[in-house]
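The values are calculated or read from the model by the stated rules, or taken from the named source; none is laboratory data. No experiment lies behind these values; they were computed from the predicted model shown. Here Cβ is always computed from backbone atoms with ideal geometry, including for glycine, and neighbour counts include all displayed protein chains. Accessible surface areas use protein heavy atoms only, side chains included; no ligands, DNA or RNA. Shrake-Rupley method; radii C 1.70, N 1.55, O 1.52, S 1.80 Å.
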Amino acid sequence: MDLLIIEPLEAEVMQWLDARYSLRHAPELARDTRAFRQALYNVRALILPPTVALDAQALHYAPVLRAVGRVSAGAENIDLEACARAGIEVVRSQSATAHAEAEFMIGALLSLLRRVPVVGSDGMLVGRELGACTVGLIGMPPAAKAMTRMLGGFGSRVVGYDPSLHASDSVWPRWQVAPLGLRELLEQADAVCVQLSYFSRYHGLLGERFLPFCKPSQVIVSIAHSGLFDEKSLADVLTSGRVSAVWLDSLEPGALEPGRPLHGMDTLQVTPRVASTTRESRLRSSWAVARRIDELLAITGAPREFRTTDPGVPLDPAVDPALP
């Protein structure tokens, strides 16, 4: 079998793939780990939802697998190192969801700045305007470029931090973002958007070393993996009021249960990873993943180096406003 599809795709994308390959659409496998692994034996490419884990053990059942696609945002369910060792390319398109993520973060900032008042110079509790804020971007994925364009319309000053980018990198002036160190950013920003890609080395990065230096009355919106935050440190700055409110679009299961630091925080808002999921973004992402898998399935013989792809870039960059 050429292709196993477990995550639902847009009908037109399914028809396009079905006309080219022998495929099986089996969303029921998401609920049956044993059947999923048994189905992998002769599969060359796979499209997975975020609820299905593809780890080293599962890959033992997939001797001919060469590509695994993710249409939805994130890839925490895929063991990237195991895929690299097996020569399997992980196919996803970060740029396809960039505009949706930027819109979500703008909307969340507007909501928090108005719903969570601060004390004005006259003693009244009042909301704030986004255009009067310095906005800090932690992480510079494609969504950051879309963010800077939207924030420019409001008149906001934009500063940024990304551990993978040097302060002299050309992306900063091209995207009109002033580079700062992480502590300096938190000290200056009235509002912070966290969109840094998660790696184990960044676990708890936003913790006691940095969060106590947040600018008073700061609001934070995060579409990144919640493992970037240290739970206790985040709870401390919310309890003290140093940070007025936090909106997390991704939170690890159980983090709000009794006995955990964030339990009962009324200034914490959580949504179930909706930032990247729109009708338009899913269509863009589905096409990008499908076309890249089509390219990979057409390749035979020569081994390839592993790389996590962003298939929207090489295919048609002219139609994607989120690309550099």
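What to note about this one:
- Here region 1-25 is the region considered, the condition is being among the small types (Gly, Ala, Ser) and within 24 Å of Arg279 (Cβ to Cβ), and the residue that is most open to solvent (accessible area, probe 1.4 Å) is Ala19.
- Region 258-284, subset assigned to a loop (DSSP other than H, G, I, E, B) and polar (S, T, N, Q), residue most open to solvent (accessible area, probe 1.4 Å): Thr277
- Residue check for Ala84: open to solvent by less than 60 Å² (accessible area, probe 1.4 Å), more than 24 Å from Ala100 (Cβ to Cβ) and either in contact (Cβ under 8 Å) with a residue 40 or more places away in the chain or over 26 Å from the mean Cα position of the chain (by Cα) (or both): yes
- Here Ala100, Ala167 are screened, and the one residue that is without any contact (Cβ under 8 Å) to a residue 40 or more places away in the chain and either in a loop (DSSP other than H, G, I, E, B) or within 19 Å of Arg273 (Cβ to Cβ) (or both) is Ala167.
- Pair list, Cβ under 6 Å, 6 or more apart: region 211-225 residue under 23 Å from Ser250 (Cβ atoms), other residue of a type in the set (Lys, Arg) and assigned to a loop (DSSP other than H, G, I, E, B): Cys214/Arg242
- Flag for Arg66 being open to solvent by 30 Å² or more (accessible area, probe 1.4 Å), closer than 21 Å to Pro141 by Cβ and not acidic (Asp, Glu): no
- When Glu76, Glu28 are checked against the criterion of being under 30 Å from Leu196 (Cα atoms), of a type outside the set (Lys, Arg) and open to solvent by 40 Å² or more (accessible area, probe 1.4 Å), Glu76 stands alone in meeting it.
- Some residue of region 188-200 being open to solvent by 40 Å² or more (accessible area, probe 1.4 Å), without any contact (Cβ under 8 Å) to a residue 12 or more places away in the chain and closer than 30 Å to Asn77 by Cα: yes
- Taking the conditions (1) surrounded by fewer than 19 Cβ atoms within 10 Å (Cβ to Cβ); (2) closer than 21 Å to Lys215 by Cα; (3) of a type in the set (S, T, N, Q); (4) in contact (Cβ under 8 Å) with a residue 12 or more places away in the chain in turn, Ser156 satisfies each one other than (1).
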